[in-house]
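Remarks on the structure that follows.
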């Protein structure tokens, strides 16, 4: 592993401490308290995931490598090698002990981040890994393949199959809920209702709702809401218990009928943010009245991750090619 670290001693890091920028169309000022460019991959980045405590970033790329970054120092921690094709999906456990990766090689790998070694490799899928997740208590992890209707739940302790959940449509995305035994998944949209909430212990469907046109491309959840986006419909907010549509969010330039790449809901559930459109634009909306607070225009298709650090600060991670941009935005509202 030391050889890998030495190999990447030439990694470039550019940091800009404070950079004022202006948002359009509302012209509300935000301040960039941290802006860094991380360069370590040799080919285009294809997957990004932030840890729950926002201290770690994992990135996967077409170079078949997974790089683990320390976001407190913006330094590379380690590089993980094990996939035979590019990385398609990543998940980090809440305790930062495990990383789960999926690749175009149809394999999922569970990693021990402390030892930097593989725990096991899953060969169950016939196509590339579409979605991955790790339960809040780290006891289980989940995998789903591209154009497959099965979600496989595995025991983290010995990597044995625990449950198999059958969808009535192709699975596009999944996340374990904070409620014990609960899993949320999205489907490809052949059916009208394309969001699912499961009790995976009992293999029981608890709720099924949502309508996105051509399926759920991305979603996030909070205590009371699920925020979801598609490829050709507006960003939507649902009541997580009842499945009722609470609000729909439109870009003021009517550009939100495009692919939604990532979504975040603020801690007090007053704001929702999304990166969307072919230009990777960022939009922020008021949850209660649906009005757009601000937007920042992007500069091309990207892979992205966004999370609120508090009610008025948003951590943004974006990558267009090999490089990764990390930015902290403070909304001066």
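The values are calculated or read from the model by the stated rules, or taken from the named source; none is laboratory data. Predicted model only: the values in this text are computed from it and were never measured. In this analysis, Cβ positions are derived from the backbone assuming ideal geometry, glycine residues included, and neighbour counts consider all displayed protein chains.
A few notes on this one:
- Scanning the range 277-333 for residues that are more than 25 Å from residue 233 (Cα to Cα) and part of a loop (DSSP other than H, G, I, E, B) yields 311, 312, 321, 322, 332, 333.
- Hey, residue 251 farther than 21 Å from residue 268 by Cβ and assigned by TED's automatic domain parsing to the domain that holds residue 91 or not: no
- Of the listed requirements (1) within 25 Å of residue 48 (Cβ to Cβ); (2) at pLDDT below 95, residue 98 misses just one: (2).
- Some residue of the range 248-263 being within 20 Å of residue 183 (Cβ to Cβ) and either touching a helix residue (DSSP H, G or I) at 6+ places or on another chain (Cβ under 9 Å) or not in a strand (DSSP E or B) (or both): no
Here is a yes/no grid of residues against (1) in a loop (DSSP other than H, G, I, E, B); (2) at pLDDT below 95:
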position	(1), (2)
201	yes, no
207	no, no
211	yes, yes
231	yes, yes
237	no, no
243	yes, no
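- Among the residues of the range 120-129, those that are within 22 Å of the chain's Cα centre (by Cα) and part of a loop (DSSP other than H, G, I, E, B) comprise 125, 127, 128.
- 1 or more residues surrounded by fewer than 22 Cβ atoms within 10 Å (Cβ to Cβ), in contact (Cβ under 8 Å) with a residue 12 or more places away in the chain and touching a helix residue (DSSP H, G or I) at 6+ places or on another chain (Cβ under 8 Å): qualifying strands (runs of 3 or more DSSP E) within the range 61-119: 75-81
- From the list 195, 183, 245, the lone residue that is farther than 20 Å from residue 278 by Cβ, more than 19 Å from the chain's Cα centre (by Cα) and either assigned by TED's automatic domain parsing to the domain that holds residue 153 or surrounded by fewer than 20 Cβ atoms within 10 Å (Cβ to Cβ) (or both) is 245.
- Of residues in the range 274-293 being at positive phi and buried (at least 21 other Cβ atoms within 10 Å of the Cβ), the one modelled with the lowest pLDDT: 277
- When 296, 316 are screened for being closer than 30 Å to residue 74 by Cα, over 18 Å from the mean Cα position of the chain (by Cα), surrounded by 15 or more Cβ atoms within 10 Å (Cβ to Cβ) and outside the structural domain of residue 205 (by TED's automatic domain parsing), only 296 passes.
- With respect to being within 21 Å of residue 106 (Cβ to Cβ), crowded, with 21+ Cβ neighbours inside 10 Å, touching a strand residue (DSSP E or B) at 6+ places or on another chain (Cβ under 9 Å) and in the same structural domain as residue 124 (by TED's automatic domain parsing), residue 160 falls outside the description.
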